[in-house]
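What follows is a set of notes on a single structure, which appears directly below.
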Amino acid sequence: PQRPDQPHEVICHNDFAPYNCVYRDGHIVGIIDFDTISPGSRIWDIAYAVYRFAPLMTDQHCLDQGWPTPPDRGQRLCLFCNRYGLDDRAALIDTILQRIQALVDFMRDNHFNEHHIPIYVEDMAYIQANRESFQAALFL
């Protein structure tokens, strides 16, 4: 889901996450699942990718996603932004929260995968609880 008030800078994947990547020898060699692409802003697409790749989710959700132990999310958040070359980071945490909320609203409004909504709500609470440390990590 895109926000209508955002500029259309790029074509967004809108679901760029580890589960939509093809790996070879531990490296991403392809991206799949382009059924949700749409014009949008870079920060909107980056927000969801960071949420999934850092991953900015509860310890339990990290384990559920296959992490043997929850990673250092702040370090991974900073690394993602550095490797992407994201200079304007001040609003990233807020955008991540808005992006997840937009997904929850879309799921609720369209009665689509509603069983996932509690997971996203818990992750938003986790991000809010760790907002200060995540915000600081953006500028390490």
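Being acidic (D, E) and either in a helix (DSSP H, G or I) or farther than 22 Å from N14 by Cβ (or both) is true for just one of D123, D88. Which residue is that? Break it down into steps so the answer makes sense when it comes.
Values: D88 fails: either in a helix (DSSP H, G or I) or farther than 22 Å from N14 by Cβ (or both).
Being acidic (D, E) and either in a helix (DSSP H, G or I) or farther than 22 Å from N14 by Cβ (or both) holds for just one of D123, D88, which is D123.
Quick test of your reading of the structure: Q101 fulfils all but one of (1) at pLDDT below 95; (2) closer than 20 Å to D15 by Cα. Name the failing condition by number.
Here Q101 clears every test but (1).
What number of residues within the stretch 53-81 are surrounded by fewer than 17 Cβ atoms within 10 Å (Cβ to Cβ) and among the basic types (K, R)?
Result for the stretch 53-81: 1.
Go through (1) hydroxyl-bearing (S, T, Y); (2) touching a strand residue (DSSP E or B) at 6+ places or on another chain (Cβ under 8 Å); (3) at pLDDT 95 or above one by one and return the number of the condition T95 breaks.
With respect to (1) hydroxyl-bearing (S, T, Y); (2) touching a strand residue (DSSP E or B) at 6+ places or on another chain (Cβ under 8 Å); (3) at pLDDT 95 or above, T95 is out only on (2).
Could you figure out which of (1) modelled with pLDDT under 95; (2) more than 18 Å from D45 (Cα to Cα) isn't true of A129?
Looking at each condition in turn, A129 falls short on (1).
I'd like the full set of residues that are touching a Leu at 6+ places or on another chain (Cβ under 7 Å) and more than 16 Å from A54 (Cβ to Cβ), limited to the stretch 94-135.
Passing the criteria: none in range.
Output the qualifying pairs, or none if there are none: Cβ atoms under 6 angstrom, residues six or more apart or on different chains, first residue in the stretch 88-106 and free of Cβ contacts under 8 Å to residues at least 24 places away in the same chain and farther than 15 Å from N130 by Cα, second residue in a helix (DSSP H, G or I) and of a type outside the set (V, I, T).
Cβ pairs passing all conditions: V104/Y120.
Could you grab the pairs with beta carbons closer than 7 Å, sequence gap of 6+ or different chains, first residue in the stretch 64-77 and in contact (Cβ under 8 Å) with a residue 60 or more places away in the chain and closer than 13 Å to Y51 by Cα, second one among the β-branched types (V, I, T) and surrounded by 13 or more Cβ atoms within 10 Å (Cβ to Cβ)?
Matching pairs, first to second residue: L77/V50.
Hey, among the residues in the stretch 34-77 that are touching a His at 6+ places or on another chain (Cβ under 8 Å) and assigned to a loop (DSSP other than H, G, I, E, B), which one's modelled with the lowest pLDDT?
T36
Starting from the stretch 21-37, take each residue that is surrounded by 12 or more Cβ atoms within 10 Å (Cβ to Cβ) and list its partners that are among the polar types (S, T, N, Q), counting only C-beta distances under 6 angstrom and pairs at least six apart or across chains.
Qualifying pairs under 6 Å: D33/N20; T36/N14.
Which members of the stretch 82-136 meet the condition of being touching a Gly at 6+ places or on another chain (Cβ under 9 Å) and surrounded by 14 or more Cβ atoms within 10 Å (Cβ to Cβ)? If you could, list the steps in order and put the result at the bottom.
Taking the stretch 82-136 as the starting set, the residues that turn out to be touching a Gly at 6+ places or on another chain (Cβ under 9 Å) are 130, 133-134, 136.
Within the stretch 82-136, N130, F134 qualify.
The values are calculated or read from the model by the stated rules, or taken from the named source; none is laboratory data. Here the structure is a predicted model, which means the values were calculated and not measured. Every residue, glycine as well, gets a Cβ built from its backbone with ideal geometry; the counts of neighbours run over all protein chains shown.
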